[in-house]
Structures are given as C-alpha cells and as structure tokens.
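The values are calculated or read from the model by the stated rules, or taken from the named source; none is laboratory data. None of these values were measured; they are calculated from a predicted model. Every residue, glycine as well, gets a Cβ built from its backbone with ideal geometry; the counts of neighbours run over all protein chains shown. Accessible surface is based on the protein model in full, side chains and every heavy atom, while ligands, DNA and RNA are left aside. Shrake-Rupley method; radii C 1.70, N 1.55, O 1.52, S 1.80 Å.
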Amino acid sequence: KAARPGRQHPDPLCTAAFARIMVTKRWYLQAAAPETPRANTCRQPCQAVQMRPQQKHAALVFLVAATFTTRCPVAVATTPGHAASDRGLADCSRRFVQPPKTQHATSHNGVALPDVCIEEVGPHHVFVIGDWGGIMLNNGNKTPVPADHRGHKFAARHRLFVVGVDDSAQMRVAKQMRIRAEKSRPAYVLNAGDNFYWGGIKARCGMPPFKQDVTKQWGPIFEDIYKGIGLDGVQWLGVLGNHDYGGFTFTMAWDQLIQYTWGEPSTSTGRWMIPAQYWKSKVRYPDFSVDYYFVDSNVFDTFAPGAEVGHNICSQLHNPSQASCGPDGPTSLCDCPNWFLDLWGEQLNWLQLHLPLSSAEWQVVVTHFPPDWGVEYWKILSAAYGIDLFVTGHQHSQAVYGANDRGNFLGTAWIVSGGGGGITSEGMPDQDGHDDQYGFMDLTLSKDLIVVEAISHGGVLRSTTRVQKREPNPNIPPLRSNLSRVQWSCGQAPHGDKRTQKFLDWIQREKKNGGDVQPVKTMQQTHLATTTSGVVRDQQGPQGGPVDSLTSDLMKRIGEASPGLVDAFRTRALEDELDQRVDTPGKLPLDRTLTRKRQY
C-alpha cells in the first residue's frame, strides 16, 4: 500500500494509495481504495492513473480486502502495448503451453506461445546448455558418452583423450546442473540445439508423426539425466542444431524432435518445448518481462549439393539421391539448399515484424549458430531493434562475450554454450574443471541487468558477465530478406547412395567411429580433394599452412549457396586478410563468418 507522493484524491474520504496491480502481466489495474474501511461510499469516484510499462516506480500491491470491502469504485485500464489479450489470472500459466497438436512439424513455424507469468520474488534464474546429447554404446553402459570428435580420423580436432572427463562429459555437466539447481531453482532451461549426436534422432524424417521414442534415445539421454531437486518438471525451450538434421544429411528425424513437444505420457515428462523451427514466447515477471525469439540458423551449414564440405546438410555425397522428408520438406536433395534459404528469409521477415512490436524490457535471441555466422544480418537486426542477448551453441566449448568486450563485432552480448558434453570439446579439459570446455550457464534476470555465470563441468565458476540493455536505433533501414534462390546442376554423386546406406547402417548399429564409413572430412581436406579451381596443393602459406588460394575456391562454393555473402566478404576484404586473422594469436577477427566456415 505505498502511496505515490502528491497523488491525493480531492475527497478526503477517498485519500488513496494509487497502485499498479499486475494481474495477468498484460493487464494493469489502476485502483484507488480508501484509507479506512469506515468509508461506506465515496462522494466522488476515485480516479485511476494510466501507467506505461516503463513506470516501474509505482507500487505493486494486491488490493483484495481494501478493494472489495469498500464501495469505492475501482477504475480498470489496459496499458498501451499490453492489450493483445484480456485473459484472466487463471489463464496466465506458470508453464509454457504448446499450441494444438498438428500432423506436420512445420505447421507452427512463427507461433507465439501464450504468455508465461512468473509470480515469485527474485532472484530469477534460467539455465543455458547446448550440444549436450551423447550416444549410447552397446557395451552394457547405461549412460551416454560424448561422440568422439578428437580422434586421429578428425585431424583438425585431434588432441589427447582425458579419461574421467571426455568419457563422461554429459554426465559431469548434468551433475553440476543438479547441484546448482538446488540453490538457483531455474524457472526454465534455454536449449541451444544439437540435442542428439551424431545425427539427431536415429530414424528418418517423414515418418508417421508422434513416434518419437522408437529409437529409445529420449529416456537414457534426456529424461533420465536432467532430473533432481530444482530440475524436475523444469521445461526446456529450444531450437534445432545442424546435427539434429543429420550433420551432413537432412534426412534424420528432426521432425520427431519437434513433435516430442507433444510427447506420449509413457515416455515424456512434459518438459520438452520445440513447437516449431522458429517461434517466440514472452515471460512476465513481477516488474519486467522478456521476449524470447527462437531461430533456426542452420542455413549457415547448407551449401550446393556438389560442395562436399565436412558440414553440409545438403551434401550430395551423404544424402541419397532420392532423399526427401515429404511434405514438411526438404522434398528432395536439389530442394535442400533453397528450402533452408527460404526458411531463413521467412525468419528475417518474422523478426523484423515482431522485434519492433516488443514491449518487453529484454529481447533475447536463442539460436544454434553463434552470430559470427550471418554476422551481416545480426549486426543490422541487433542495432536496429536493440537485441540485448544472443544464446547460442555449436562451438564445442563455453564462452561469454560482453557487449563492450574487445573483439565483439556485434555490439550485443552473446553466449556460446556448446560444451554440454554431447560431443568432445574443442580443447583439452582439466580433470577438476578449471577450463571452459564443458559446462553450462546460469542467468540471473532482473529489470535492469542480466548476470551470466559460466559454470564448468567441475562446478567451477569460470566467469561472471553483466549484460545491460541495448537501445534500438530506428534510423537503421530494414534488412532485405528476399534472398536470391540458388540454381545448380544436381546429378547423383558417385557412390552417394552406397555411402549413405553405410552411414545409416552405422547409425543403427551405434558404432562409435562409424566402422568402415569414411569420417567427415575437415573443410580444408574436402576442398583439396574436390576443388576444380586449380588450387596449388604443395605450396605453403606464411605460417606454414596451405596457401590461401583455397579461400578463392571456398568463396566460389559459398557463392553457389548464397551470392549475397560473397559481396559482403569482398567488401570487408576478408579474402585477402583471412590467413593473417586466423594466424594472429589472441586477436579476434572482426568478422569470423568465413573463418568459421573453414574451421567447421
């Protein structure tokens, strides 16, 4: 009952404590109640004061007895920007509610879930994790182990194996999440994708819907791992990563990952929430709100089918010639790159429609690829609409980039939490967790600040970063989203079907390293083997690496998939400066889009 100074009603019997009452987090009730219950009537109705969401100084009170035991009128008003719904308190759920069940995984693309209301007093915690789902071996072990990406067959990732860490990374991270959750009590988990290695759900896309647990991966890799005090019942809100589509194929059961949102009670605990490839949700707290935008950024791992790079979801070498996901798409191998390009264009339009309409204090984008993939898009969107934070994965380690950190090209804070333990880390971990290779993030949300704490697989607090709001700049012109479609000749690659069948057989047998299937080549190895641009193979660059005429071939292949990227790269003179930026120790490139495409 905190009275606002100077706000007295002209009727002394109606001297009021004007208050903003938040009922559904969309409606604000402005009420004035008499000081004492002796006022049976008011000679003049008590007036309400219209409040904007930014006026946080108004007291938040629950006028129950004071309002309903008197006959003083109560004025009710909606605040501009919050009148999209007039649902009552009973309809403002504490949990995220999925849209109606549908037969197609893409039917709800762009959906906005009903608002979620967190009534508890802070601090308000949210966990972040990505790249977390390991593999099950046929050796009697009932717990998942990381997919081994650091063996000698993956030359670019080769390092020593740390026994006790690399063989149990997912379990170590999950243990620390349980320990932390007992204290933090997160309201939900933000999931940055790559949910199951090596290639997502071990079935084919286009199967009958809602057959999510035919592979028996959900229980031992997800449901049975992330549980305990503070985690039981906590929902996971997420996106798909490139490995959820298949890594170097698009035909794995990524649609079943979406449909598990409506999981069968015999399998699901009701925590999984990926209702579409891209979607949004608003979470309302007592004195602030957060708008989350969940975005599919896997377009940055798609190339023309003939570009046999190590990470190409549309690879002609690894997809069968008759590959199709049916009506949900992609409908064919030749359709694959444009299907992802169209999806990206839809999302750019969607973001530019909804971001300027946000009335929340915080705007957070959750996507798999860090923003140095597609930097030319994210720079414009972040500056124009004031995106405050990116939550990402993909890189198999942990990192936090503050908005003003040296080398942050974006001007917006971003998190990489790709060390969830589903795959071995980029660098060598420490036995006690004094490293940034495996772990998760604990966010503390408040009205004016988001605090990001990086927790390692050993429970070590590795860093604390304070994120502040970024104001939008309305003078920046909108981003062009009518992307050019790709044209190419799409014949069958030699031995493509044979190798694909071997890969699928390996998936079903759960062989750790793929048996006699050739391992995924590094970007550099693949281009040396398949280039047609006359790359000189025996020359050395200034630092002892291959001469960077490889970059010209890479630019050509990227141009096949997205011509606009090439112009952006050339404008920044990245082709000439690439080796220098990669080989300069301690110097973060201003734009690492092309650099990262070579590495991954």
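Checked against the criteria, G241 counts as open to solvent by less than 10 Å² (accessible area, probe 1.4 Å), at pLDDT 95 or above and under 17 Å from G419 (Cβ atoms). Checked across the stretch 422-429, the condition of being assigned to a loop (DSSP other than H, G, I, E, B), of a type in the set (D, E, K, R) and open to solvent by 30 Å² or more (accessible area, probe 1.4 Å) holds for at least one residue. Say whether the condition of being in a loop (DSSP other than H, G, I, E, B) and not aromatic (F, W, Y) is met by at least one residue in the stretch 171-184. No, every residue in the stretch 171-184 fails to be in a loop (DSSP other than H, G, I, E, B) and not aromatic (F, W, Y). Condition check for A454 on (1) open to solvent by 10 Å² or more (accessible area, probe 1.4 Å); (2) in a strand (DSSP E or B): one failure, at (1). Count of the stretch 378-394 residues, restricted to those that are touching a residue at least 60 places away in the same chain (Cβ under 8 Å) and either polar (S, T, N, Q) or within 17 Å of E471 (Cα to Cα) (or both), is 11. Counting residues in the stretch 466-479 that are modelled with pLDDT of 95 or more, open to solvent by less than 30 Å² (accessible area, probe 1.4 Å), under 29 Å from V290 (Cβ atoms) and not polar (S, T, N, Q) gives one or more.
Entry remark, the stretch 99-125: residues being surrounded by fewer than 15 Cβ atoms within 10 Å (Cβ to Cβ) and under 30 Å from K183 (Cα atoms) number 5 in total. For V74, the conditions (1) in contact with a helix residue (DSSP H, G or I) (Cβ under 8 Å, 6 or more places away or on another chain); (2) at pLDDT 95 or above all hold with the exception of (2). Inclusion of W254 among residues that are touching a Cys at 6+ places or on another chain (Cβ under 9 Å) and either at pLDDT 95 or above or among the hydrophobic types (A, V, I, L, M, F, W, C) (or both) is warranted. Residue count for the stretch 435-450 satisfying the condition of being open to solvent by 30 Å² or more (accessible area, probe 1.4 Å) and either over 21 Å from I179 (Cα atoms) or of a type in the set (A, V, I, L, M, F, W, C) (or both): 3. Of all residues in the stretch 111-150, those being within 16 Å of the chain's Cα centre (by Cα), of a type outside the set (A, V, I, L, M) and not in a loop (DSSP other than H, G, I, E, B) number 1. So is G374 modelled with pLDDT under 95 and under 23 Å from F196 (Cα atoms) or not? No. Quick one: in the stretch 185-211, which of the residues that are in a loop (DSSP other than H, G, I, E, B) and within 14 Å of M441 (Cα to Cα) is most open to solvent (accessible area, probe 1.4 Å)? Within the stretch 185-211, the match that is most open to solvent (accessible area, probe 1.4 Å) is R185. Of everything listed in (1) of a type outside the set (A, V, I, L, M); (2) touching a Leu at 6+ places or on another chain (Cβ under 9 Å); (3) not in a strand (DSSP E or B), the single unmet condition for W414 is (3). Annotation: of all residues in the stretch 289-316 being of a type in the set (F, W, Y) and touching a strand residue (DSSP E or B) at 6+ places or on another chain (Cβ under 7 Å), the one that is surrounded by the fewest Cβ atoms within 10 Å (Cβ to Cβ) is Y293.
Residues that are open to solvent by 20 Å² or more (accessible area, probe 1.4 Å) and of a type in the set (S, T, N, Q) were ranked within the stretch 317-336; the one that is modelled with the lowest pLDDT is S321.
Within the stretch 400-412, the set of residues being among the hydrophobic types (A, V, I, L, M, F, W, C) and free of Cβ contacts under 8 Å to residues at least 40 places away in the same chain comprises just one member, L410.
For V165, the conditions (1) open to solvent by 10 Å² or more (accessible area, probe 1.4 Å); (2) in contact (Cβ under 8 Å) with a residue 12 or more places away in the chain; (3) over 21 Å from G263 (Cα atoms); (4) β-branched (V, I, T) all hold with the exception of (1). Here W362, W339 are screened, and the one residue that is open to solvent by 20 Å² or more (accessible area, probe 1.4 Å) and under 23 Å from the mean Cα position of the chain (by Cα) is W339. As a summary of the residue check, L231 satisfies the conditions (1) of a type in the set (A, V, I, L, M); (2) part of a strand (DSSP E or B); (3) surrounded by fewer than 24 Cβ atoms within 10 Å (Cβ to Cβ) except for the one numbered (2).
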